[in-house]
Amino acid sequence: REFLDRGLLVTINTDNRTVSNSTLTKEFAFIQESFGITDEEVIKMTRNAIEVSFAEDEVKERLYRELNKACEKGFQILQK
């Protein structure tokens, strides 16, 4: 929460899904419940993850478009 509030490029990731038995959905739920992260902040962190990824620019653009489409349709990051 503190890093996000200070304007840092925070991202949410799983460590090793096969070892930790975690998913992004579980990680997003944890930070929302534990730190009061809003759906809008989850979307911001998803955008941050795309921005800082090692993906090619054309892949990043496709991911941004897909995220924007999902948000326009009222896509909820978490099923509540």
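What the table below lists for this structure:
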quantity	calculated
Residues satisfying the stated conditions in segment 1-47, i.e. basic (Lys, Arg), closer than 19 Å to Glu66 by Cβ and either open to solvent by 90 Å² or more (accessible area, probe 1.4 Å) or assigned to a loop (DSSP other than H, G, I, E, B) (or both)	Lys44
Scan of segment 65-77 for residues that are open to solvent by less than 50 Å² (accessible area, probe 1.4 Å) and either of a type outside the set (Val, Ile, Thr) or free of Cβ contacts under 8 Å to residues at least 24 places away in the same chain (or both), ordered by number	Leu67, Ala70, Cys71, Gly74
Close pairs (8 angstrom Cβ cut-off, 6 or more residues apart or separate chains): within 17 Å of Ser53 (Cβ to Cβ) and of a type in the set (Asp, Glu) in segment 7-27, open to solvent by less than 90 Å² (accessible area, probe 1.4 Å) and modelled with pLDDT of 90 or more anywhere	Glu27/Ile12
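The values are calculated or read from the model by the stated rules, or taken from the named source; none is laboratory data. Keep in mind that what you see is a predicted model, and the values were worked out from it rather than measured. Quick reminder, even Gly has a Cβ in these numbers, built from the backbone with ideal geometry, and neighbours come from all protein chains shown. Surface areas here come from the heavy atoms of the whole protein model, side chains and all, with no ligands, DNA or RNA. Shrake-Rupley method; radii C 1.70, N 1.55, O 1.52, S 1.80 Å.
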